[in-house]
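One structure follows; several queries about it will come next.
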Amino acid sequence: MELWYTEKQTEYFGITAKIKETLVAEKTEFQDLAIIDTVEFGRMLVLDGMVMTTVKDEFVYHEMVAHPALYTHPNPKKVLVVGGGDGGVIREIMKHPEVEKAVLVDIDGKVIEYSKKFLPEIACELDNPRVEVIVNDGYMHIHDHKNEYDVIMVDSTEPVGPAVELFTKGFYQGIYDALKDDGIFVAQTDNPWFKADLIRNVNRDVREIFPVVRVYWANIPTYPSGLWTFTIGSKKYDPLAVDESTIPEINTKYYSPRIHKAAFALPKFVEELCK
Ligand code: SAM
């Protein structure tokens, strides 16, 4: 018998993947968690029925959350990741030797535990001595750590369940306050095909708080629509002002000095959401 995993990305549209094996499926304190082995994309982390990351295409998302902000800030020493329990963003941050400490705050310790066990190529740097892993609500953490971080990356689930608060203006104000006076934040901000209102609203809120706001995009085949956006809010430095000749060619498969510039060129229908 064939087994397929289907993610309904809207009420009327979805993707489906042929499954080889279910490695774990558990209802944690916060969400339904599964790690399945798929024929096309390899092992896949699914939370509350949504694809979080897959071994085959995870590099796109994790590189594009981490590197644009870290090559925009001239000297990022202390970095916070809200969510990101699979460890992929932390792995990319560790490629920056100038980062002295990376703090990961994920609300669900089971995501961290099972990612270490079943997704070692993604979670491989969670035990790095420069990394501190905290199991807590990111919303609480930022309000207890003001003026502390050079860069904050929000690698949360979509605005459902425990992540609802992570897409509010109050959260972005909390992030502003947790950043140092030249800090930068970046958040994954979903897709323009099915979540145009989310992108429009997040952009409006972030523009009311940060002087520099930029949106960029990447192709992530297992995420809804495949066109994924990221929003940067910066107190001082502009990612578009970075001279790409100063960005080194590092061990990546998607991000590059050329992508650093090109990713901010938005399709017109996406530009419209970010005015
Ligand atoms: N790349 C994925 C995406 O774009 O949907 C996100 C991956 S990561 C696994 C998402 C993480 O956010 C999960 O581990 C979840 O536990 C965490 N999370 C959700 N709400 C949170 C909150 N309020 N504080 C901290 N972590 C949270």
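If we scan the stretch 52-74, do we find a residue that is out of contact with any strand residue (DSSP E or B) (no Cβ under 6 Å at 6 or more places or on another chain) and surrounded by fewer than 18 Cβ atoms within 10 Å (Cβ to Cβ)?
yes
Just checking: which of the strands (runs of 3 or more DSSP E) contained wholly in the stretch 103-199 hold 2 or more residues that are among the small types (G, A, S)?
Per the criteria, 179-188.
More than 18 Å from I175 (Cα to Cα) and among the hydrophobic types (A, V, I, L, M, F, W, C) - does that describe any residue in the stretch 64-79?
Looking for residues that are more than 18 Å from I175 (Cα to Cα) and among the hydrophobic types (A, V, I, L, M, F, W, C), one finds at least one in the stretch 64-79, hence yes.
What are the residues in the stretch 218-275 that are in a loop (DSSP other than H, G, I, E, B), aliphatic (A, V, I, L, M) and closer than 14 Å to V60 by Cβ, if any?
Quick first cut of the stretch 218-275, residues in a loop (DSSP other than H, G, I, E, B) only: 220-226, 235-238, 242-243, 247-256, 263-267, 275.
Subsequent filtering for residues that are aliphatic (A, V, I, L, M) retains 220, 242, 247, 250, 263, 265-266.
I220, A263 - these are the residues of the stretch 218-275 that are in a loop (DSSP other than H, G, I, E, B), aliphatic (A, V, I, L, M) and closer than 14 Å to V60 by Cβ.
Same structure, new question: Kindly provide the set of residues from the stretch 38-88 that are in the same structural domain as E148 (by TED's automatic domain parsing), assigned to a loop (DSSP other than H, G, I, E, B) and either near the ligand (Cβ under 10 Å from one of its atoms) or among the aromatic types (F, W, Y) (or both), ordered by number.
Within the stretch 38-88, Y71, G84, G85, D86, G87 meet the criteria.
Sticking with this one: Name every residue in the stretch 127-160 that is surrounded by 15 or more Cβ atoms within 10 Å (Cβ to Cβ) and within 8 Å of the ligand (Cβ to nearest atom), in order of residue number.
D137, G138, Y139, H141, D155, S156, T157, E158, listed by residue number.
Between a residue in the stretch 198-216 that is over 26 Å from R258 (Cβ atoms) and crowded, with 19+ Cβ neighbours inside 10 Å and any residue that is aromatic (F, W, Y) and at pLDDT below 95, which pairs come within a Cβ distance under 8 Å, given they are 6 or more apart or on different chains?
As it stands, the answer is V202/F167, since those pairs meet every condition given.
The values are calculated or read from the model by the stated rules, or taken from the named source; none is laboratory data. No experiment lies behind these values; they were computed from the predicted model shown. For neighbour counting, all protein chains shown are included, and Cβ atoms are generated from backbone atoms with ideal geometry for every residue, glycine included.
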